[in-house]
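Undergrad: Structure below; questions to follow.
The values are calculated or read from the model by the stated rules, or taken from the named source; none is laboratory data. Everything numeric in this text was worked out from a predicted model, so none of it was measured. Cβ: placed from backbone, ideal geometry, glycine included. Neighbour counts: every protein chain shown.
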Amino acid sequence: MSRYLLIVLAALMFVPVVIPLSFFASWLVKSAVISENEPKENKHFIRREYLTDNWHTAAKQLADATPDQIDQRLKLFKQKYPFASIFWVDHSGITRLQLPPGSRPVKWSNEDAIQYMKASTGNSELFAVLAFIGDTPTKKQGFMVIEIPQSYFQQNGVASDPSLFAITLLLLFAFFAGISYLFFRGIRTRLLTLESAMHSPGEDGLPMKIHTGRADEIGLLEQSFNSMIDQLGDSRRREQEEELLRKRLISNLSHDLRTPLTVIGSHLYSLKKEQLTDQGKQSLSLMQDKMSDLDHLIDHLLSYNLLTSGKYAIHRKPQDVLRIVRESAAAWYPLWEKEGLSPDINLEGDPLIWNVDEQAFRRVLDNLFQNIVRHARSGGYIGLDTEIHHGRPTLIITDRGPGMLSDSSGKGAGLGLSIVQLLLKEMDLGLEIESNGSGTLMRIAPLTQ
């Protein structure tokens, strides 16, 4: 801003200099170039105003002068302007002196005087100055005339050409316009560089730092941008360190919990063989259920940790997913029957070939079936079907439970569903869920067909 204001101030201060500089430049160009084309014999260039003033001053000074005195004064003018024609006529209309002798009337009538005035006024070759002797017709001394060819008035020492003056102004205007253009182009270049850096991430996914220029407003913006990149880099490194620490903690904690859980499970199994009261048997059964839930939770933590770390082995190949679903449903059928769920399985027809990992796909089905048993068994229904959805064959799993938004006593942290989504993503499959108070519908389909 300061530099641009300096440009504007310089332009405003230069305005008083422009006009005289333009005149001088145009005169200089004309003197150096155009004057070379002037006729060599016309070396005495005069100003019309100067000649007219001198002629009238001389006429005024000749008031009451004798004819000889008038002749002598006109001869001095002839010496000063040898290229001029000079004559004077007395009050009676007699031509008294002609320098050089010419074809002027010897006796002037009124018509001759009028005709001469008309001819000299519109003459493009001669410039004539007429003055009454004594500078007033009341003196009745006649009049005197000087005639000079127009070629001697074509230029003078300070004359200027309007076209050259205009060209000089245009050049000066172009100069300041060019400076302004370069100024704004520099600003635009720096801003485009900054914009390009914002949209060009580096190998770490963060924008690249840019070279800071001058310490002006854009320079401060560039410094702030680089500072932001440093802060983002530090935040990314801290996030990666915390993520690594979290994964190590989950992995170590899961492994550390498995040993005591195994011991507790074995003792519960031994305790089950002892003679217990009904209350003791009920408490033992509850402990075994909770141990099973805890075991599943640890398994989910390990799986989630492996999936987020990219260490879960997935080996995809074309598989008939309907066969996998039927086999998995057959394995879950006794538990569904025990929990009061009525299966509605409609998986007949041509094989449905998807590129999946069989064990990972079974894990997806097990997690979804387990969620239905835990949270939707009150609906007493589980449905397995296929349909064409958005032009793609889709596997559908439905229940008639209270929905995913309702509160459930067995509701956990949602790791099972997170694992399902991660496994499906690894196999290039998608999960779409529609849930309300009357049930939940889940669609599984390839992301690309």
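Undergrad: Among the residues of segment 170-226, which ones are assigned to a helix (DSSP H, G or I), more than 22 Å from Ala11 (Cα to Cα) and either hydrophobic (A, V, I, L, M, F, W, C) or in contact with a His (Cβ under 7 Å, 6 or more places away or on another chain) (or both)? Working first, answer last.
TA: First, pick out the residues of segment 170-226 that are assigned to a helix (DSSP H, G or I): 170-198, 217-226.
Filter once more, so that each one left must be more than 22 Å from Ala11 (Cα to Cα): 188-198, 217-226.
Leu191, Leu192, Leu194, Ala197, Met198, Ile218, Leu220, Leu221, Phe225 - these are the residues of segment 170-226 that are assigned to a helix (DSSP H, G or I), more than 22 Å from Ala11 (Cα to Cα) and either hydrophobic (A, V, I, L, M, F, W, C) or in contact with a His (Cβ under 7 Å, 6 or more places away or on another chain) (or both).
Undergrad: Yes or no: Ser418 hydroxyl-bearing (Ser, Thr, Tyr), under 28 Å from Ala313 (Cβ atoms) and not assigned by TED's automatic domain parsing to the domain that holds Tyr304? Walk me through it before giving the result.
TA: Details: hydroxyl-bearing (Ser, Thr, Tyr): yes; under 28 Å from Ala313 (Cβ atoms): yes; not assigned by TED's automatic domain parsing to the domain that holds Tyr304: yes.
When the stated conditions are applied, Ser418 passes them.
Undergrad: Then there's this: Among residues belonging to segment 50-83 that are in contact with a strand residue (DSSP E or B) (Cβ under 7 Å, 6 or more places away or on another chain) and of a type in the set (Ser, Thr, Tyr), point out the one that is nearest to Gly102 (Cα to Cα).
TA: Of everything passing the filter in segment 50-83, Tyr81 is nearest to Gly102 (Cα to Cα).
Yes or no, residue by residue, for (1) of a type in the set (S, T, N, Q); (2) modelled with pLDDT of 75 or more; (3) surrounded by 11 or more Cβ atoms within 10 Å (Cβ to Cβ):
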| site | (1), (2), (3) |
| --- | --- |
| Leu257 | no, no, yes |
| Lys273 | no, yes, no |
| Asp278 | no, yes, no |
| His296 | no, no, yes |
| Gly310 | no, no, no |
| Lys338 | no, yes, no |
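Undergrad: Do the conditions hold for Leu301, that is, is it touching a helix residue (DSSP H, G or I) at 6+ places or on another chain (Cβ under 7 Å), in contact (Cβ under 8 Å) with a residue 60 or more places away in the chain, under 30 Å from Gln370 (Cα atoms) and surrounded by 14 or more Cβ atoms within 10 Å (Cβ to Cβ)? Working first, answer last.
TA: Values: touching a helix residue (DSSP H, G or I) at 6+ places or on another chain (Cβ under 7 Å): yes; in contact (Cβ under 8 Å) with a residue 60 or more places away in the chain: yes; under 30 Å from Gln370 (Cα atoms): yes; surrounded by 14 or more Cβ atoms within 10 Å (Cβ to Cβ): yes.
Yes, satisfied.
Undergrad: Right, Leu322: in contact (Cβ under 8 Å) with a residue 60 or more places away in the chain and under 57 Å from the mean Cα position of the chain (by Cα) or not? Break it down into steps so the answer makes sense when it comes.
TA: Numbers: in contact (Cβ under 8 Å) with a residue 60 or more places away in the chain: yes; under 57 Å from the mean Cα position of the chain (by Cα): yes.
When the stated conditions are applied, Leu322 passes them.
Undergrad: Kindly check whether there is at least one residue in segment 387-400 that is outside any strand (DSSP E or B), touching a helix residue (DSSP H, G or I) at 6+ places or on another chain (Cβ under 6 Å) and either modelled with pLDDT of 90 or more or among the polar types (S, T, N, Q) (or both). Write out each step before concluding.
TA: Going residue by residue through segment 387-400, those that are outside any strand (DSSP E or B) are 390-391, 400.
From what is left, the residues that are touching a helix residue (DSSP H, G or I) at 6+ places or on another chain (Cβ under 6 Å) are 400.
Next cut, either modelled with pLDDT of 90 or more or among the polar types (S, T, N, Q) (or both) only: 400.
Yes.
Undergrad: From the residues in segment 153-175 that are of a type in the set (Phe, Trp, Tyr) and modelled with pLDDT under 80, which one is farthest from Phe24 (Cα to Cα)?
TA: Within segment 153-175, the subset of a type in the set (Phe, Trp, Tyr) is 153, 165, 173, 175.
Among the residues that remain, those that are also modelled with pLDDT under 80 are: 153, 165, 173.
On the way: Phe153: 19, Phe165: 9, Phe173: 17 Å.
If we take residues in segment 153-175 being of a type in the set (Phe, Trp, Tyr) and modelled with pLDDT under 80, then Phe153 is farthest from Phe24 (Cα to Cα).
Undergrad: Still on this structure, I have one more. Among all residue pairs at least 6 apart or on different chains, which show Cβ distances below 7 Å where the first residue, located in segment 47-58, is more than 21 Å from Pro137 (Cα to Cα) and the second is modelled with pLDDT under 85?
TA: Taking only residues 6 or more apart or on different chains, the pairs are Arg47/Asn156; Arg48/Phe153.
Undergrad: Those residues that are under 14 Å from Gly383 (Cα atoms), in contact with a strand residue (DSSP E or B) (Cβ under 8 Å, 6 or more places away or on another chain) and either assigned to a loop (DSSP other than H, G, I, E, B) or of a type in the set (Gly, Ala, Ser) (or both), I need them from segment 310-361; list them, please.
TA: Of segment 310-361, the ones under 14 Å from Gly383 (Cα atoms) are 322, 325-326, 328-330, 332-333, 336-337, 340-348.
Going one step further and asking which of them are in contact with a strand residue (DSSP E or B) (Cβ under 8 Å, 6 or more places away or on another chain), we end up with 322, 325-326, 329, 333, 336, 341-347.
Selection gives Ala329, Leu341, Ser342, Asn346, Leu347.
Undergrad: Would a scan of segment 70-88 turn up a residue that is in contact with a Gly (Cβ under 9 Å, 6 or more places away or on another chain), outside any loop (DSSP other than H, G, I, E, B) and at pLDDT below 85? Please lay out each step first, then the result.
TA: Step one: of segment 70-88, the residues in contact with a Gly (Cβ under 9 Å, 6 or more places away or on another chain) are 70, 85, 87-88.
Imposing the further condition that a residue be outside any loop (DSSP other than H, G, I, E, B) reduces the set to 70, 85, 87-88.
From what's left, at pLDDT below 85: none.
Among the residues of segment 70-88, not one is in contact with a Gly (Cβ under 9 Å, 6 or more places away or on another chain), outside any loop (DSSP other than H, G, I, E, B) and at pLDDT below 85, which makes the answer no.
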